[in-house]
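Just so it is clear, none of the values below were taken in a lab; they were calculated from the coordinates. Being a predicted model, the structure only gives us computed values, none of them experimental. Cβ atoms come from the backbone with ideal geometry, glycine included; neighbour counts cover every protein chain shown.
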């Protein structure tokens with residue numbers, strides 16, 4: 001397990017709470033504003049996911065796609081996203097994990113070896129490739145390259161995945177696995193706890209790896225429910241909506257970052273573990 005992820009999960013367990021992981025698209029709506037938002041997020045999140053914008057993503061809702069297009073319009077590319085993460089990690093007071101999240105196509109174009117090298121140089125702690133195929137040679141290569149430099153490769157598991165698929169996925173998954181609560185687009189529905197329980201049970205049967213849950217988590221209540229059966233709540237669309245609304249209402253960079261921070265502060269109040277369940281291991 002990546003040492004920074006190990007620290008946050010150990011600390012959360014000691015404090016009898018779950019972790020909060022926040023997602024935003026890098027360089028949305030522009031480089032400097034995104035930097036301010038990420039610095040503010042680091043005050044309230046246990047880890048931060050930075051999306052690498054892609055204009056033909058297959059699992060993103062209109063909210064995330066709009067964010068991708070705003071970022072691309074501002075000049076975002078893979079190299080600039082790495083630069084952004086490096087600058088933020090150099091400025092923040094804590095050393096929480098930062099992840100880069102995106103699709104295989106931009107990684108392949110950038111080159112997998114160069115991508116792994118940039119992860120190390122930019123102090124990236126983990127990587128999520130949304131559309132990675134367990135059986136694809138590219139998936140094997142990126143897993144091997146990231147393993148060499150202690151960058152976690154976080155894999156996705158969904159409600160339609162059976163135990164055989166989950167076993168295969170866990171072989172490459174490190175630091176935590178990302179469970180999405182429903183099949184479909186991000187942020188399109190409410191969190192489905194029954195799906196989460198089903199996936200978590202199969203994961204716990206085969207591994208002690210921490211579980212992060214995403215898709216449909218927007219409120220303090222959602223966070224509270226999710227962390228009773230997992231190790232982390234992953235929030236994306238709710239944050240991205242604040243940014244989108246801020247852009248429409250012409251809210252300036254720092255004020256926009258503060259709005260995001262206030263939202264995350266409220267969500268953080270739902271992290272307490274209220275019972276012993278599948279999250280205990």
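Considering helices alone, the calculated mean residue ellipticity of the chain at 222 nm is -15000 deg cm²/dmol, with DSSP H runs of length four and up weighted by -39500 (n - 2.57) and normalised per residue. Spatially, the range 98-177 and the range 195-227 are offset by 20 Å when compared through their Cα centroids.
Put in line by how crowded their Cβ is, counting other Cβ atoms within 10 Å and starting with the fewest, 247, 48 read 247, 48. For the chain, relative contact order (Cα pairs under 8 Å, six or more residues apart, normalised by length) works out to 24 percent.
Here is the tail figure for the range 126-281: Cα pairs spaced more than 20 Å apart come to 54 percent of all pairs. Counting only DSSP beta bridges with both residues in the chain, tell me the antiparallel percent, nearest 5. Of all bridge pairs located within the chain, approximately 5 percent are antiparallel.
Residues 122, 199, arranged from fewest to most other Cβ atoms within 10 angstrom of their Cβ, appear as 122, 199. Percent of C-alpha pairs per 5 Å bin in the chain, short distances first: 1, 6, 14, 18, 21, 19, 13, 6, 2, 0.
When N counts the residues of the range 200-242, how does its alpha-carbon radius of gyration compare numerically with 2.2 N^0.38 Å, as a ratio? Here the Cα radius of gyration is 1.27 times the empirical estimate.
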